[in-house]
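Here the structure comes first, spelled out in structure tokens, and everything after it is commentary.
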Amino acid sequence: MSEQRFYYDIQSIKKKLVVTDQPLLHQWCHVLRLAVGDTVVLFDGSGRDVVYQIKALSKGHAELLHKSDTSVEPPHREVWLAWSLLKRENNELVIQKATELGVSHLVPLIADRCIRSHVSQVRSDRWQRIITEAAEQCGRGNLPKLSEPKTVADILLEHEPGKVAVCRQVDNQQSTTLISSQTVLVMVGPEGGWSPAEEQLFESHNLATLQLGQFTLRAETAAVVAVAKVATS
């Protein structure tokens, strides 16, 4: 069986580790049906993967034996994504794919034309689980930080304009990905587009424009494409 990867607060690497986390044990015993002798990879968000072999496993606890550990390199560029709040399933898609693409910070954005302007604690907790599961699956060594919802004005107060790019269609303006900056915050608008007041803010702060091609993309697609474009440039 190939090694399964799980987020777990290791704290310090020990030769022997006892796991009592019930949801994790349930997954190991009843979902994946792991057995003594199988290996698992644990990561705690600090940028390392630790390989353990299962020496004992029951529904109450697991005993693991340390086999090896490796460092997981972070992406070469730190990308923040501020995406305008969408319908529930579309928010979840953006969060999952942005995590897979290595985004360091996820910022729910309350734009003027958003269909939502609030994130409940239940929803935030679910998003955190999606982040964790996506990080487990894709092999990254840390978890992106999920912030409280912000407005466009909040973003512009907290971030240098020279490190912010806005996804928008502007005639006769070339796409810019801020190649000179190692930290870039990308703002993606809602389904209804940016409001005139927001466009005026972008102009007054002389923000870089990130254009994503000739076609009009859905908001969730634009968020994923924008992150991929900036992260790999």
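Throughout, read-outs are computed from the coordinates displayed, never taken from laboratory work. Quick caveat: nothing in here was measured; it's all calculated off a predicted structure. Methodologically, a virtual Cβ is constructed for each residue, glycine included, from the backbone with ideal geometry; neighbour enumeration extends over all protein chains shown.
Please go through the residue pairs LYS97/LYS150; LYS15/LYS145; LYS150/LYS229; LYS145/LYS229; LYS59/LYS97 and name each one whose alpha carbons sit more than 28 Å apart in this structure.
LYS15/LYS145; LYS59/LYS97
Show me, for segment 85-94, the HN-Hα J-couplings you get by feeding each phi into the Karplus relation (A = 6.51, B = -1.76, C = 1.60, θ = phi - 60°), rounded to Hz, glycine and proline as x.
Those phi angles translate into 4, 10, 5, 3, 5, 6, 4, 5, 5, 4 Hz.
Of all DSSP beta bridges located in the chain, what percent are antiparallel, nearest 5?
40
Near ASP38, within a Cβ-to-Cβ distance under 11 Å, what is the net charge of the other residues, with Lys and Arg +1 and Asp and Glu -1?
Spelling it out: positives minus negatives among the neighbours equals +1.
Ranked by Cβ crowding within 10 angstrom, fewest neighbours first, how are THR132, THR216 ordered?
THR216, THR132
Arrange ARG140, ARG5 by Cβ neighbour counts within 10 Å, fewest through most, would you? Before the final figure, lay out each step's value.
On the way: ARG140 24, ARG5 18.
Least crowded to most crowded, the residues run ARG5, ARG140.
Starting at the first residue of segment 199-208, write each ³J(HN,Hα) from the Karplus equation 6.51 cos²θ - 1.76 cosθ + 1.60 with θ = phi - 60°, in whole Hz, x for Gly and Pro.
In residue order, the calculated couplings are 4, 5, 4, 4, 5, 5, 8, 6, 6, 5 Hz.
Summing -39500 (n - 2.57) over the DSSP H runs of n ≥ 4 in the chain and dividing by its residue number, what mean residue ellipticity at 222 nm do you reach, to the nearest 500 deg cm²/dmol?
Details: 6 runs with 65 residues, N = 233.
Result for the chain: -8500 deg cm²/dmol, rounded to the nearest 500.
Mind listing the phi-derived Karplus ³J(HN,Hα) values for segment 214-230, rounded to whole Hz, using 6.51, -1.76 and 1.60 with θ = phi - 60°, and x for any glycine or proline?
Using θ = phi - 60°, the values come out as 7, 9, 7, 8, 4, 4, 5, 5, 4, 4, 5, 5, 5, 4, 4, 5, 6 Hz.
Among (1) 16.2, 46; (2) 20.5, 65; (3) 19.6, 69, which is the computed Rg and Dmax of the Cα atoms in Å?
Recomputing Rg and Dmax of the Cα atoms in Å here picks out (2).
Setting aside same-chain residues fewer than 8 positions from LYS55, which aspartates and glutamates have a Cα under 18 Å from its Cα?
Cα-Cα hits under 18 Å: GLU3, ASP21, ASP38, GLU63, ASP69.
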